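Below: one structure, written as structure tokens.
Computed from the coordinates by the stated procedures, all read-outs in this text should not be read as laboratory data. Small disclaimer: the values here were computed from a predicted structure and weren't measured. In this analysis, Cβ positions are derived from the backbone assuming ideal geometry, glycine residues included, and neighbour counts consider all displayed protein chains.
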Amino acid sequence: MSNSMKQLLERMSKGSVTEGWGAVAAYSRSRLNRLLEQQYLARLEDNSYLPPFSEVLAGQAVGQRVRVQRLEFGAPLLSFSSASMENSRATLTMNIVSGTLDKLGTLISSTVVTEALGLWVQLEVDLEVVVGEVSRYGRVSLNLSHAATITSNLFENTPDLNALLTAALQDWIHALPARYAVFELGTVDFSGYDPLAPTRFIIRTQAAPGARVLGALNHGDGAVLVFIQLRANAREGMRPGSNYPYLIPDGDYSATLVLNENLLHHASDQGLELLARLLFPELNAFVKREDHTPRDRALFGNIDPLRTQLTLEPALGAVIVAGERQQFTLRDGFGQPVTTGVSWRALSPQSHTEAGHGVIDARGLYQAPAIADMGNELITAIVTAEREEAGQTYRAAARLLVCAEHLLVTPSAGAFRPQQEQGLDVWNAGPKAASFELLEPRLGELAILGDKSARFVPYRQTQRRLLAVQQVQASAGEQRNAALIMVNGEPLLPLEPPFMPRLGHGRTTQLSEVNRIMPNQARRWRMLAGAGSVTPSGLFQASAQQQPQSNVVACEVVHNGVVFASGYSVLKQTDLAENDTWKALSLFTITVGKSGSGTVGNVASSGYQQLEVEITVQTQAVDGKDYKLSIDEIATLALYDRSGQVIASLADSEEGIAEDEGPAWRTSRVKNRFVLANDSQPVVGEGAAPHGDEDRTIRQIFYLHRRGASGSTVFYAGFKSDSDVWHYSTDFSRGLNSTIEVRVLTPEPYKSSDYTLVRKRVDGGGEDEGSVDPESPDFDLHPVTTDYWLLDYRAGTFYTADFVTAHEGDLEADVNTSIVRWESTYGNEVYHSYTGYAFQNHGQAEPKNISFDDRMAEVLGRNDFATPITSQYEAGLLLIANFRNRDRRLDAVRDLDEYAKMSKPLRVRLRDSKGNEHVVQLDYLPRSIIGDRNVLVHSVPSRPSGQSNVIRLTNRLEGAE
């Protein structure tokens, strides 16, 4: 359906589309999926990508199981085909890009999964609003671990296996650490206190016109809608209905921002103050293309990359063969090649050796590892490019797959009932289309479904055989055979091993019966498929031919030429060598900090202070060779408490544990702005963890957080090896650095005496280090002055500051960031004082000007009150500037709402260097005291509840526009 700009503007001209909200932002699926892909690629850079999924599923029959190994997933893609304006639900699809499936039991099969098979996992997820407690941002996020339903087409034709897989995937996804599970789609900046500053928002998902129709060209298309309440809104708006207009017009548009018609006078001609508050991950920004005001003001544009955003080509989808090369090109945000000052790196998350990663040169030419170094039929390689510009490091990553063979047939061996059909798929490295041919003897017909797939249908007479194998040859420059095994009934002669996934050329293995039935009858061993051979005693030898193939060996109980029982074994002959990997650990320690003596540590209960914890794992040498843990193994490292409960992780964008999540322990892999607990006086334990051979040692830093009071807690570390075995630091009996003990430090309630409030005269005459006596000559003799009142914390330094509401139940619009006071209550009184403020949040730029309440101009009746900060200001101190003047009559302001608002005291929430929260109230002296407006005093009120409204301090110069 059409949704032209003309149609949309006509609809908007009939009335406001903001539903009473201050603003509405709409983001299209195409650009949101691009953002998800960029985050997916960015996570390849720092090894925070979604880990591979492995599970063993138990089938219905005895001994039947499916071994699902290393399923890897592609970038998540959003769909809004089932979206409703009643909620924020969307469908998220992730392609399965690699893995293996081995079915064991009566029906044995081996399948290598590639992205070409079109397999996927689908999740129904709700887009969530996450508001930072310290950094005042509202994030639109997707949390995979909160998925409502999970489906997959991996076993869509096998209902019992599909149910088992769905349950296993659900358990796995719901347990994913936040740093893997959380994706961000956009951020709304809550900082500031001007009328257009956002205070909260809700999210809805909406299907595009016609996008619900299956088969439509735009099927699944749609948008995320963010309904934003601004400070100028007294109340939030209404919930949108099902007939809400689609705000993104046809054409080259991917985002729209609409400002309520009642708030137009607050916006500038360009509307940049609104756009600046819509932030996007991975160096993207809202770029305006058109600006219209049919009733509301609508800005139409795109979410486009900045110039500094780097991308690699090809980023996804490349597949090459062992030993072959792939050229990568680095491009900037404008699509231009970047060739200078670039450093390249390549690694394989599965590899334990340098050779297994492949190599990449200074021009971005990657060469895959040789087949002897791969260890698996399909491996993932991650290529990273890095460049520095203006002191900032920018990175880009790409994912490619390396296949051991030029031609891959899947399944290479597959057992099924002869009453059914069996499909075949191929992947080939070259440009030639694949062809299929049935080898003799032909036991059915082959239907060709395209140049990459076929389906085999057995003859009716084949259904009478106990066991039969049809070999199918696929050709595309090279040739590979697949063995299709028809099993009629239950084999009464199971063999050991039933399946060997890897056997070298010319190698031998002994096959044997599991349960010897009819022991006095003769056994007949024979080859049903493959070029290998088997002796009358069951000794199998793979062919010396250097060609991968599947061998099927049968053992039959024969009496008078009649087969009474049979069984079979599948043995895959391959060029792949056994994985070069470690066999045992020599060291697994956990320490507070990097010292072996760090067995005990302290951390504040604020939720934001971090205790640095180092985990060290060292493997034993194997035949004189050193192997480290693989990247995939390192990704499974976690901390556990004494009860065996895993400590959940924070998302990388979270600085600490929010109030509504406590009391709790959490871990993070990202250092935040607050001072490490390790930097304080350490508590020294006994012993020291030795540092061993670095070629087989890995060290990982975790940051431990605590929210809420607690006694001491003991922690240990664990990880899962590639062989699916869990290892724990407590496994080492000698116990040296196998655990740590962490004590929680909870401060006593703060008192006024914990702070100092010092006055400094900066303008108007009088003493620099002035008296706090309200009747001091500094005030009586100098009627027009500027004083800086500096609030300091005696036991530390303030890192962040927020204004909060002075009274429970106040709205965001009621938060005042300045106070005013007149000398007397007479209408003709002109002597008055008013305040501004300045604060440098830790890690941010130094403020240049004093900031004021956004409505100060109405109270003072002028706009010329802007003033720069003098040199007396120091970082870490809250500066409240008190300006004394005599140019405004009280009767001109006493009836203003702004005057009533700024007659309330200031209430400020601060956090110190340890993340501890402080709430301080500042006001003038009581009105009954002569000279009350000359002096500021501080007190410690009861702390605001978790529902209190908070406005982020920004150093915005009101009145300088």
(Q) So for each of 332-338, 594-600, 21-27 I average, over its residues, the number of other beta carbons within 10 Å; can you give me the resulting order with the highest mean first? (A) 21-27, 594-600, 332-338
Q: Quote the FRET efficiency, to the nearest 0.05, computed for residue 158 versus residue 306 with a Förster distance R0 of 56 Å and r equal to the Cβ-Cβ distance.
A: 0.70
Q) Can you tell which of 161, 677, 644 lies farthest toward the positive end of the dipole of the chain, using +1 and -1 charges on the Cβ of basic and acidic side chains (Lys, Arg; Asp, Glu)? A) 161
Q | Ranked by how many other beta carbons lie within 10 Å on average, peptides 482-494, 159-171 from highest | A | 482-494, 159-171
**Q.** R0 of 60 Å, Cβ-Cβ distance residue 712-residue 6: FRET efficiency to nearest 0.05
**A.** 0.30
Q: Would you mind ranking 901, 288 by Cβ crowding within 10 Å, fewest neighbours first?
A: 288, 901
Q: Run the dipole for the chain about the Cα centre, Lys and Arg Cβ at +1, Asp and Glu Cβ at -1, nothing else charged, and hand back the magnitude in debye, nearest 20.
A: 2600 debye
**Q.** Size of electric dipole in segment 752-952: Cβ of Lys, Arg +1 and of Asp, Glu -1, about Cα centre, debye, nearest 20
**A.** 280 debye
Q) Taking 0.36 nm per intervening residue step and subtracting the Cα-Cα distance, what contour gain separates residue 939 from residue 61 on full extension? A) 308.8 nm
(Q) Taking a ≥ b ≥ c as the square roots of the Cα gyration tensor eigenvalues, with a/c under 1.5 meaning rounded and otherwise prolate when a/b beats b/c, else oblate, which class fits segment 342-417? (A) prolate
Q) Helix 29-45 versus the longest principal axis of the chain: what is the Cα-based angle in degrees, 0 to 90, to the nearest 10? A) 80 degrees
**Q.** Residue exposure sequence - 226, 935 - by fewest surrounding Cβ within 10 Å
**A.** 935, 226
Q) Once label points are set 7 Å from the Cα along Cα→Cβ at both residue 129 and residue 863, what is their separation, rounded to one decimal in nm? A) 3.3 nm
Q. If we sort 89-100, 267-278 on the protection proxy, mean other Cβ atoms within 10 Å, highest first, what's the order?
A. 89-100, 267-278
Q: Return the calculated 222 nm mean residue ellipticity for the chain, to the nearest 500 deg cm²/dmol, obtained by summing -39500 (n - 2.57) across DSSP H runs with n ≥ 4 and dividing by the residue count.
A: -2000 deg cm²/dmol
Q) Given a Förster radius of 56 Å and the C-beta distance between residue 736 and residue 826 as r, what FRET efficiency does 1/(1 + (r/R0)^6) yield to the nearest 0.05? A) 0.10
**Q.** Pair residue 85, residue 47: separation of 7 Å Cα→Cβ label points (nm)
**A.** 4.8 nm
Q) Could you give the dipole magnitude of segment 585-745 about its Cα centre, charging the beta-carbon of Lys and Arg +1 and that of Asp and Glu -1, in debye to the nearest 20? A) 360 debye
Q: Using Cα centres only, tell me the gap between segment 866-917 and segment 80-113 in whole Å.
A: 57 Å
Q) Can you give the extra length, in nm with one decimal, that the chain gains between residue 216 and residue 406 once fully stretched, where that is 0.36 nm per residue apart less the Cα-Cα distance? A) 64.7 nm
Q.
Show me, for segment 46-54, the HN-Hα J-couplings you get by feeding each phi into the Karplus relation (A = 6.51, B = -1.76, C = 1.60, θ = phi - 60°), rounded to Hz, glycine and proline as x.
A. 10, 6, 10, 6, 4, x, x, 9, 9
**Q.** Karplus-derived 3J(HN,Hα), 6.51/-1.76/1.60, for each residue of segment 646-655, Hz, glycine and proline x
**A.** 5, 8, 5, 10, 8, 5, 4, 7, 9, 7
Q: Sort segment 5-305 into rounded, prolate or oblate with this rule: let a ≥ b ≥ c be the square roots of the eigenvalues of the Cα gyration tensor; rounded if a/c is under 1.5, and if a/c is not under 1.5, prolate when a/b is larger than b/c, oblate otherwise.
A: prolate
Q) How far apart, in nm, are the 7 Å Cα→Cβ label points at residue 342 and residue 279? A) 2.9 nm
Q. Of 230, 320, 340, which is farthest along the charge dipole of the chain in the positive direction, counting Lys and Arg as +1 and Asp and Glu as -1 at C-beta?
A. 320
Q | Overall Cα dimensions of segment 848-926 - principal axes, largest extent first, Å | A | 46, 27, 22
Q.
Longer than 27 Å from Cα to Cα, which of 103/452; 103/628; 720/914; 628/671; 6/288 are they? Say none if no pair is.
A. 103/628; 720/914
Q: Once every Cα of segment 276-371 carries one equal point scatterer and solvent is ignored, give the base-10 log of I(q)/I(0) from the Debye formula at q = 0.11, 0.20 Å⁻¹, two decimals.
A: -0.51, -1.02
(Q) With unit charges on the beta carbons (Lys and Arg positive, Asp and Glu negative) and the dipole taken about the Cα centre of the chain, which residue among 703, 213, 716 sits farthest to the positive side? (A) 213
Q. Quick one: what Rg and Dmax do you get for the chain from the alpha carbons, in Å?
A. 34.6, 127
Q: For residue 560 and residue 545, compute 0.36 nm times the residue count separating them, minus their Cα-Cα distance, and round to one decimal in nm.
A: 1.8 nm
Q) Under the Karplus relation 6.51 cos²θ - 1.76 cosθ + 1.60, θ = phi - 60°, what is the ordered set of whole-Hz ³J(HN,Hα) values for segment 332-349, x standing for Gly and Pro? A) 8, x, 9, x, 8, x, 10, 10, 10, x, 10, 10, 10, 8, 9, 8, 10, x
Q) Going by the alpha-carbon gyration tensor, a ≥ b ≥ c the square roots of its eigenvalues, is segment 113-226 rounded (a/c under 1.5) or, if a/c is not under 1.5, prolate (a/b greater than b/c) versus oblate? A) oblate
Q | Order of 695, 853 - criterion: other Cβ atoms within 10 Å of each residue's Cβ, fewest first | A | 695, 853
